[in-house]
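The next block holds one structure in the form of structure tokens; read it before the comments.
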Amino acid sequence: MIKDNVEKILKELPQEVLLVAATKKRAVQEIQEAICAGVGAVGENYIQEAEKKQLVIGRKVKWHLIGHLQKNKAKHAVKIFDIIETLDSVELAEVLDKECKKINKVMPVLIEVNCAREPQKSGVFPEKVEEFLKEVIKFDSLKLTGLMTMGPFLENPQNLRPFFSETKGIFDRIKNSYGDRLQWKYLSMGMSDSYRVAIEEGANIIRIGTAIFGPRGEEDKDYL
Ligand SMILES: *Cc1c(COP(=O)(O)O)cnc(C)c1O
């Protein structure tokens with residue numbers, strides 16, 4: 001089941017699009033199945049959960065942090081992740097930079113954009129992204145490589161198009177102005193119900209949970 005789902009999705013993806021399996025609340029066994037089927041990157045939302053899973057799975061895949069990061073977890077995050085997709089405040093950037101320096105690491109990060117300006121969601125508002133970039137560009141242990149956005153929950157994924165398109169516009173503007181200073185290359189947007197629309201609007205990272213693993217249970221299960 002998982003194997004078929006992964007193969008089907010991989011087959012339809014354009015060459016340049018990276019599939020990140022969104023693995024929150026999924027058991028290690030299920031994640032291993034997805035990896036065997038060709039998944040090369042996993043996205044986790046919670047630090048402790050990711051730490052436990054990484055002890056078993058190891059680093060044969062890339063580990064993306066796709067959930068909100070609290071400053072007091074930054075120390076753990078820089079150790080276990082290969083890329084942090086959810087940079088959303090200058091304070092967080094400062095702490096991450098400091099923790100990276102302690103372990104001599106340069107961490108690729110994406111700026112999270114709150115593309116629909118939803119008050120309950122984290123992320124930088126679209127009109128603030130360039131200003132934000134100017135503030136965090138000085139942290140030289142962070143490698144700013146692109147943007148990530150969640151998008152609002154909408155019944156019809158076609159209605160996400162304007163939000164994705166605005167985010168792509170910001171992505172392109174930054175690429176044009178900073179292209180030679182940054183390795184600006186990733187635009188992470190689109191989930192199970194919206195990845196096709198997101199790719200049409202320029203995404204080159206998609207984060208897929210349900211379409212690989214099936215519906216998520218609400219209960220906390222034993223990941224190992
Ligand atoms: C859970 C999650 C996804 C995947 O959602 P699905 O609808 O299950 O594909 C993508 N991105 C983030 C940030 C998530 O938390």
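The values are calculated or read from the model by the stated rules, or taken from the named source; none is laboratory data. In this text, all values refer to a predicted model and were calculated from it rather than measured experimentally. Quick reminder, even Gly has a Cβ in these numbers, built from the backbone with ideal geometry, and neighbours come from all protein chains shown. Just the protein is used for accessible areas: all its heavy atoms, side chains included, with ligands, DNA and RNA removed. Shrake-Rupley method; radii C 1.70, N 1.55, O 1.52, S 1.80 Å.
Numbers for the structure displayed
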{"quantity": "Full-stretch length increase - LYS102, LYS11 - with 0.36 nm per residue and alpha-carbon distance subtracted", "calculated": "28.7 nm"}
{"quantity": "Theoretical ellipticity at 222 nm over the chain - DSSP helices of four or more residues, -39500 (n - 2.57) apiece, nearest 500", "calculated": "-11500 deg cm²/dmol"}
{"quantity": "Portion, in percent, of the accessible area of segment 2-213 that falls on carbon or sulfur, probe 1.4 Å", "calculated": "50"}
{"quantity": "Tensor-based shape of segment 142-224 (alpha-carbon gyration tensor, a/c under 1.5 rounded, otherwise prolate or oblate)", "calculated": "oblate"}
{"quantity": "Dimensionless Rg ratio for segment 62-116, taking C-alpha atoms and the 2.2 N^0.38 Å reference", "calculated": "1.04"}
{"quantity": "Most to least accessible of TYR186, TYR46, TYR178 (protein chains only, probe 1.4 Å)", "calculated": "TYR46, TYR186, TYR178"}
{"quantity": "Separation of alpha-carbon centers, segment 67-92 and segment 30-62, rounded to whole Å", "calculated": "17"}
{"quantity": "With DNA, RNA and ligands ignored, accessible area of ILE80 (1.4 Å probe; Å², nearest 10)", "calculated": "20"}
{"quantity": "Taking only Cα atoms of segment 1-127, radius of gyration then Dmax in Å", "calculated": "15.5, 43"}
{"quantity": "Exposure ranking of LEU18, LEU65 by accessible area [1.4 Å probe, largest first]", "calculated": "LEU18, LEU65"}
{"quantity": "Distance violations [Cα-Cα > 31 Å] among LYS60/LYS143; LYS8/LYS52; LYS11/LYS105; LYS75/LYS138; LYS8/LYS62", "calculated": "LYS11/LYS105"}
{"quantity": "Accessible area in square angstrom per residue, segment 2-213, 1.4 angstrom probe", "calculated": "46"}
{"quantity": "Kirkwood-based Rg to Rh ratio, the chain, C-alpha trace", "calculated": "0.94"}
{"quantity": "Cα-centred dipole magnitude for segment 2-213, charges only on beta-carbon of K, R (+1) and D, E (-1), debye, nearest 20", "calculated": "720"}
{"quantity": "Selected from VAL113, ILE57, ILE137, residue furthest toward positive end of dipole (segment 40-168; charges at beta carbon)", "calculated": "ILE57"}
{"quantity": "Listed residue pairs exceeding 26 Å between alpha carbons, taken from LYS25/LYS101; LYS73/LYS134; LYS53/LYS128; LYS25/LYS73", "calculated": "LYS25/LYS101; LYS53/LYS128"}
{"quantity": "Inter-centroid distance (Cα atoms) of segment 97-115 relative to segment 133-183, Å", "calculated": "15"}
{"quantity": "Extension gain, LEU18 back to GLU130 (0.36 nm per residue minus Cα-Cα distance, nm)", "calculated": "37.8 nm"}
